[in-house]
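Report on the structure given below.
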Amino acid sequence: MKIIFLVSGGIGKSVAATAVCKAIKTQYPKSELVVLTGYPAVFERNPYINYIYGFNNISYFYPQHIEGKDAKLFLHDPYNETDFIYQRGHLIKVWCEMFGIKYNGEMPELYITGQEQAVYGVWFQSPKPLLVIQPSGGTPNKDGSPYSWPRDMPHAVAQKVVNTFAADYNVIHIRRQDQMPLQNVYPVQADFRPLVVLLMMSEKRLLIDSFAQHAAAALRLPSVVCWVANVPTQFGYDMHTNIMANTPTLAPDYRNSGFSKYNIAGQASEFPYNNDAEIFDADRIIEALRGDKKQAEEESKKKRRN
């Protein structure tokens with residue numbers, strides 16, 4: 001039997017989908033798992049997958065995998081599920097249960113070869129330990145704005161963190177050209193698998209809810225992850241130190257909200273603070289990076305309750 005698994009959306013969602021692949025193969029060990037994705041590089045070398053297709057390369061897909069075949073089609077998007085919209089479980093759990101797959105706590109997994117580590121590792125060699133920061137993520141905003149307040153880390157907060165650690169670490173900033181630059185960092189824009197090697201080489205990581213926090217979880221690398229609109233119980237991982245944004249200081253404007261509280265692109269009319277400085281306490285993030293995970297999480301929970 002073939003199982004055809006369609007993974008739409010961004011690269012972080014594809015990393016999370018590797019956990020679903022493992023759950024599918026656990027329940028159907030004799031099946032051939034076929035993955036359709038916008039990010040084939042995420043699934044390379046994955047032992048649970050038999051075929052990987054990018055959306056722009058599906059030549060002869062129908063006769064090879066559909067016509068006359070015994071196949072299950074897992075094509076639906078978990079983002080449209082009731083349990084996902086009401087935040088009744090982690091994305092991976094909702095995704096599995098949507099297809100009738102038993103969820104056993106599977107985590108994302110990435111498979112990087114030793115040769116990849118050797119080749120890409122040369123790019124990031126450093127006399128000082130590496131601190132990787134990804135303060136912005138997602139696809140480019142349609143209005144051209146380099147900052148999305150529900151998703152990204154405020155620029156001043158990110159810069160304060162960088163300034164604190166720059167003397168002792170080489171701070172590597174994962175950044176596209178359309179995203180806000182930081183000082184005292186080494187900006188990096190690279191393909192997915194070299195960036196995974198960068199994470200593997202890093203000593204500390206400060207991330208947001210974007211692909212790098214999923215990849216760090218797949219590599220079992222505890223990181224500090226900052227959250228504004230999304231929540232770690234739905235998209236995150238317990239291994240990370242998850243720091244929630246402070247409670248909004250203004251009444252949110254929901255007139256443009258749909259199936260989520262805020263538009264993740266960062267609509268200005270929905271901004272529920274007086275200014276960006278109210279979103280996070282930079283000192284709390286710095287303490288978390290220094291290693292006091294328990295204290296940072298307790299402070300985060302206390303802020304969220306108040």
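Report the residue count in region 263-284 for those that are part of a loop (DSSP other than H, G, I, E, B) and either at pLDDT 90 or above or in contact with a strand residue (DSSP E or B) (Cβ under 9 Å, 6 or more places away or on another chain) (or both).
Total meeting the criteria: 8.
Out of 171, 157, I need the residue that is β-branched (Val, Ile, Thr) and without any contact (Cβ under 8 Å) to a residue 60 or more places away in the chain. Which one?
None of the others qualify; the one that does is 171.
Cβ-Cβ below 6 Å, separation at least six or inter-chain, first residue in region 180-199 and closer than 15 Å to residue 15 by Cβ and without any contact (Cβ under 8 Å) to a residue 24 or more places away in the chain, second aromatic (Phe, Trp, Tyr) and assigned to a loop (DSSP other than H, G, I, E, B): which pairs?
Partner pairs satisfying both residue conditions: none exist.
Would you confirm, using the coordinates I've provided, whether residue 297 is acidic (Asp, Glu), on the phi < 0 side of the Ramachandran plot and modelled with pLDDT of 95 or more?
no
Identify the residue in region 1-20 that is over 17 Å from the mean Cα position of the chain (by Cα) and more than 16 Å from residue 55 (Cα to Cα) and, among all such residues, is surrounded by the most Cβ atoms within 10 Å (Cβ to Cβ).
Selected residue: 3.
Just to verify a result, which residue in region 225-246, among those that are in contact (Cβ under 8 Å) with a residue 40 or more places away in the chain and in a strand (DSSP E or B), is surrounded by the most Cβ atoms within 10 Å (Cβ to Cβ)?
Per the criteria, the residue is 226.
The values are calculated or read from the model by the stated rules, or taken from the named source; none is laboratory data. Note that the structure is predicted; figures quoted are calculated from it, not measured. When we count neighbours, we look across all protein chains shown, and the Cβ atoms used for this are built from the backbone with ideal geometry, even at glycine.
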